[in-house]
Structures are given as structure tokens and as C-alpha cells.
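The values are calculated or read from the model by the stated rules, or taken from the named source; none is laboratory data. What you see is a predicted model; the values in this text were computed from it and never measured. Because the Cβ atoms are built from the backbone with ideal geometry, glycine has one as well, and the counts that use them run over all protein chains shown. Keep in mind that these areas ignore ligands, DNA and RNA; they rest on the heavy atoms of the full protein, side chains included. Shrake-Rupley method; radii C 1.70, N 1.55, O 1.52, S 1.80 Å.
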Amino acid sequence: MSELEKEIHKRRTFAIISHPDAGKTTLTEKLLLFGGAIHVAGAVKSNKIKKTATSDWMEIEKQRGISVATSVMGFEYDGYKINILDTPGHQDFAEDTYRTLTAVDSVIIVVDSAKGVEAQTRKLMEVCRMRHTPVMIFVNKMDREGRDPFELLDELEEELKIGVRPLSWPIDSGQRFKGVYNIYQEKLDLYTPSKQTVTESIGFKDINSPDLEKHIGDALAAKLREDIELIDGVYPELDINTYLKGQIAPVFFGSALNNFGVKELLDCFVKIAPSPRPIEAIEREVSPEENSFTGFIFKIHANMDPNHRSCIAFVKICSGKFERNVNYKHVRLNRQLKFSSPTAFMAQKKETVDEAYAGDIIGLPDTGNFKIGDTLTSGEDLHFKGLPSFSPEMFKYIENADPMKSKQLQKGIDQLMDEGVAQLFTNQFNGRKIIGTVGQLQFEVIQYRLLHEYGAQCRWEPLNLYKACWIESENKPQLDDFKKRKAQFMAVDKEGRDVFLADSNYVLMMAQQDFKDIKFHFTSEF
Ligand code: G4P
């Protein structure tokens, strides 16, 4: 294996996704502790946007300033290079959150054992399913009274629309939580509530050994044997390939807060989770082991200081090796650019790096050269696929509130949309501009930034819409007929593609029923 291949094969780039409060931050922190990347618990937490934050965007932004550093957290563990990508949640849940998932090779989902699958997890899982991203599930908070684990597995399968395979199994829960039987490593992990120590565990190949009674008592031992038998009967043994195809999710149980089950999750994760995978470009498939560097921009983080309109563009390296001060081709602009201070993200520090490999994320200081989806290469003309826009869920008309500044407003809107802050649609009927977002906060962000960075003022007007769907059809007469009949609800996105703005789920269903030859897509790439 070449040096390049070795570097690439040891990389594991993933995101942890969950509904707010399920324990994502706590789990991330424990993973960083194992990697020796941080030394005390609480270090990640302090960067977290407090749930109690008001809708005062500036307050959130202050905290977000720090959070650039936690956007990507890299560390070494057991010979692997791990990159965790943070997925913004809470108030700053935005399209960014979805897009981050386009830059990872796998995902860990955290579920609260008492609450099961919640809304945000369901939405993020849709993106994973679309991309066939391999998924592992961590059922957290086993130290609290939770739901019956079999019931939870059924819910995971049903709600996340993915097969599951438990690789560990809880022995009771809440106050009576005794630990888990680790099916994957054939050992018994006994639980002692303690916050920062590694679990003590006992090798246990034969669950029928009478030793089991000694550790957990007669009743629980009998129950565990019964459960394991049932599991083996119902769930086929884990086949790594079905996991890699995103069809089966291995499930672990534990308690992130008590650092219980976390190391087991991590040990299994590094072994079976994929290293960077080939990525589709319009022109061809790009394999990570190729010598030439390629990468794409999946996120742009603006510097909030109005006096320095600079950004950090986040690049996912798709193939080869990136080097500092080497010329690369910015494909859309057809220009050579070189970067003197690319940053890598180790632990929670941002530092300048000389090189980075496929799978890594680097930050490039940018003064307006980049748009979401841009490709950088060693010279080849490539355009990566898989960076769609997702149908927004909140819509407002944007109006100019200062007629003297209409040029500034236009420029501001264009640039903010390129950054991926929200999506712009233009109504084909009345020409009015509509901004669509997935989170309420984005409207405040846009208004504030238009004023402070572009000197433009905007006003919002309410607009009640359910979804924006990209439409296409091979039946042109039917498409034309649809567009005519729905003229008031037809818009174009910023690339000029037709978008149908459905004002209710019912209207959308009727449209799908009446116009059978038209395809309604909820993402811009199909
Ligand atoms: P998030 O990033 O997914 O939003 O969740 P986070 O890790 O912040 O966890 C949410 C709350 O759940 C936190 O409590 C955290 O301490 C708690 N928690 C996480 N894992 C476990 C667990 O395994 N067992 C139990 N019992 N609780 C857990 P908080 O009160 O909101 O915050 P804090 O005051 O503890 O910092």
C-alpha cells in the first residue's frame, strides 16, 4: 500500500446526528476524551449554544464565533484519524446542517432511550437514506428509565426506515441498570456510574456460563439469555456490506454522560465504518486514492465582523493530497488559486497545515471566491454531484425597505444565497422574491447581515407555503398545462429551474394525483 493509500484508509469522517438534547454534545466530548484530544469533560459543552438562548441572533452569533472551531474536530485514535463534523442543531438548525451530511462518509445517530426517534433525527436520516450513508445508532441515557429495548428497535426500523442489528444489549435500565452484554466483542460490561472513567468489562464468550448469575443475579441472567436468543432469532447477524450500503444499522446501548458503552461504540466504529468512499462527479467517478487532489466546498462560514468581510470555506477533500501554497484550479471560475494559510481542525483548535488527505476537511480563508458546491482540482474539469438544495419549510417575501439601496440589496441577497444561508425563489407570476429557509432564525440572520455587511434594508412579508418542489416531466404538454394552471404558484430557483410552491400537503397530493407524468422532487438534484 502506498503512503497515500495508508493515510486515506485510516480516515473516518463522520457526523453525529440527533434531536436536540439526546446527548450529541456529551457523546462527542467522550469521543474526544478517548482520542486524548481534550482532557476534561465540559470543554465542548462550553461552546454549545445554550438552549435557553433568546432569539437574539447576535448572542447566538457570538457563540457561533467560537463554534467555527468545533465545526470539525479531528483526533487520532488507535491508529485511525477521526474527523467529527458538527451538525448545528437547536436554533441554528439550517440547510447547513443538511449539507454537512454531504461531506461525511458515515453517521452515528444518538437516540434518547426514553424519547425514541424525534423530528430532527427523522429529517436528517432522510438525507442519509438518499445518499446511502452507513449509519450506526447509539441508544443513550440507559441510566434513566427508558422504553423497552425491543420496542425501541421496532421504532428505529419503522421511523428511520432502516434495518437494525443490536450489537450490545442492555441489562435493565434506569436505577436498576446493570450494564450491557456486548454481542460484538462477546463480553459483559458492568455499569458503575462514574463520569470520566473507562468501563470495566469481563470477557464472556458463553452467555450460558453459570458465571453470568454471579454477576447479575438469577432473574436478570435468565432474562438476558432469553433476550439474546430472541435477538439472534429475529435479527440476522450483522453483514458489514449491508451496513456499508446503508441498509442495516448496528445498534449500541449506553450512557454518554457516564461514559458507558462509548468506547465499545468507538472501537466497533473505527473497525467497520468506511474510510473515504468514491464520489460521483458529473464527468466520472472519483476515487479517493487517486494521486491528484480534488475537493468541494460544502460550507461557508462568514466572519461576522462587518469590517472584514471574509469567510472560511470548508473543503471536503475527495481524492489525493492537498498541499499548502500549491496552485489548484477553481473549476467554476476557471482560475488557479493557491492557499497560504489553509487550516485543519485538530481537537478544538484551528491550525495552519501543510498538507491534508482525502477524507479530511480543511478551511480556506475566502474573500468571496467560493460558492457552495464549487470544485477545486489539480487541473481537471470536474463537477461533484450530491450537493443538492433541500426543500425549505419556511417562506417569506423579501421586500426592499430602502429604495435608495436596491443594488446593495440585490448584491447582498446574491452573495448570501451563494454562501448557502437560505434559498431564493422568484415567483414567475408577479416577479416577487421569496426566501425559503429550514429554520426561523435564518430570516433574522439575513436581515441583520444585509444591513451590516451591505448597508441594505429588507422587510419580510408573510407567505404561507408548505414546500417547494422541483418539477420535471418528459410529457411537455402536461408540464406546460400544469405550469399554466398553477401559474400563481410557479417560481424559479437561482439556477432558473422550475419550482412549484405548494401551499399545503393536500394541494401537493392532488397535484401528484392529477399530473401523473410530472415528478415532484424535494431536493434540487434528481
Ligand atoms: P445535545 O447535544 O444532543 O443537545 O445533548 P447534550 O449532550 O447537551 O445532552 C442533553 C442533556 O442530557 C444534558 O443535560 C446531558 O447532561 C444529558 N445527558 C447526556 N447523556 C446522558 C446520559 O447518558 N444519561 C443522562 N441521565 N443524561 C444524559 P442538561 O441538564 O441539559 O445539561 P447539563 O446541565 O448536564 O450540562
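Filtering the stretch 276-294 to residues that are in a loop (DSSP other than H, G, I, E, B) and of a type in the set (Ser, Thr, Tyr) leaves Ser287, Ser292. The single condition among (1) farther than 23 Å from Pro278 by Cα; (2) in contact with a strand residue (DSSP E or B) (Cβ under 6 Å, 6 or more places away or on another chain) that Arg122 does not satisfy is (2).
Taking the stretch 140-156, which residues are aliphatic (A, V, I, L, M) and part of a loop (DSSP other than H, G, I, E, B)? Don't jump to the end; show me each part of the working.
Here is the first cut: in the stretch 140-156, the ones aliphatic (A, V, I, L, M) are 142, 152-153, 156.
Of everything in the stretch 140-156, just one residue is aliphatic (A, V, I, L, M) and part of a loop (DSSP other than H, G, I, E, B), namely Met142.
Give the stretch 138-167 a look and list any residue that's within 14 Å of the ligand (Cβ to nearest atom) and either more than 23 Å from the chain's Cα centre (by Cα) or charged (D, E, K, R) (or both), or say none.
Lys141, Met142, Asp143, Arg144, Glu145, Gly146
If you check Asp414, Asp402, Asp381 for being farther than 30 Å from Asp105 by Cβ and out of contact with any helix residue (DSSP H, G or I) (no Cβ under 9 Å at 6 or more places or on another chain), only one passes: Asp414. Scanning the stretch 244-263 for residues that are more than 7 Å from the ligand (Cβ to nearest atom) and of a type in the set (A, V, I, L, M), we see that the one that is modelled with the lowest pLDDT is Val262.
Tell me which residues, restricted to the stretch 448-465, are crowded, with 17+ Cβ neighbours inside 10 Å and of a type in the set (Ser, Thr, Tyr).
To start, the set of residues in the stretch 448-465 that are crowded, with 17+ Cβ neighbours inside 10 Å comprises 449-451, 453-454, 456-458, 463, 465.
Answer for the stretch 448-465, where residues must be crowded, with 17+ Cβ neighbours inside 10 Å and of a type in the set (Ser, Thr, Tyr): just Tyr454.
State all residues of the stretch 395-421 that are assigned to a loop (DSSP other than H, G, I, E, B) and under 16 Å from Arg459 (Cα atoms); if no residue qualifies, say none. Even if it seems obvious, please write down each step before you answer.
Step one: filter the stretch 395-421 for residues assigned to a loop (DSSP other than H, G, I, E, B), giving 401-402, 420-421.
Listed by number, the residues that qualify are Ala401, Asp402.
Among residues of the stretch 140-154 that are open to solvent by 50 Å² or more (accessible area, probe 1.4 Å), those with a Cβ under 9 angstrom from a residue that is more than 15 Å from the ligand (Cβ to nearest atom), sequence gap 6+ or separate chain, pair up as Arg147/Glu155; Asp154/Val164.
Screening Val127, Val135, Val117, Val104 for residues that are out of contact with any Pro (no Cβ under 6 Å at 6 or more places or on another chain) and either within 13 Å of the ligand (Cβ to nearest atom) or more than 23 Å from Val315 (Cα to Cα) (or both) leaves exactly one candidate, Val117.
Residue-wise test of (1) within 24 Å of the chain's Cα centre (by Cα); (2) over 18 Å from Val315 (Cβ atoms).
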| position | (1), (2) |
| --- | --- |
| Gly373 | yes, no |
| Phe384 | yes, no |
| Val421 | yes, yes |
| Asn427 | no, yes |
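Which of the residues spanning the stretch 483-524 are of a type in the set (Asp, Glu) and exposed (fewer than 14 other Cβ atoms within 10 Å of the Cβ)? Don't jump to the end; show me each part of the working.
Of all residues in the stretch 483-524, those of a type in the set (Asp, Glu) come to 493, 495, 498, 503, 514, 517.
Selection gives Glu495, Asp514, Asp517.
Look at the stretch 1-36 and say how many of its residues are of a type in the set (S, T, N, Q), near the ligand (Cβ under 8 Å from one of its atoms), more than 19 Å from Leu156 (Cα to Cα) and in contact (Cβ under 8 Å) with a residue 60 or more places away in the chain.
The first filter runs over the stretch 1-36 and keeps only residues of a type in the set (S, T, N, Q), leaving 2, 13, 18, 25-26, 28.
Add one more test, that the residue is near the ligand (Cβ under 8 Å from one of its atoms), and what stays is 18, 25-26, 28.
Checking which are more than 19 Å from Leu156 (Cα to Cα) leaves us with 25-26, 28.
Restricting the remaining residues to those that are in contact (Cβ under 8 Å) with a residue 60 or more places away in the chain gives 26.
Residues flagged as of a type in the set (S, T, N, Q), near the ligand (Cβ under 8 Å from one of its atoms), more than 19 Å from Leu156 (Cα to Cα) and in contact (Cβ under 8 Å) with a residue 60 or more places away in the chain within the stretch 1-36 amount to 1.
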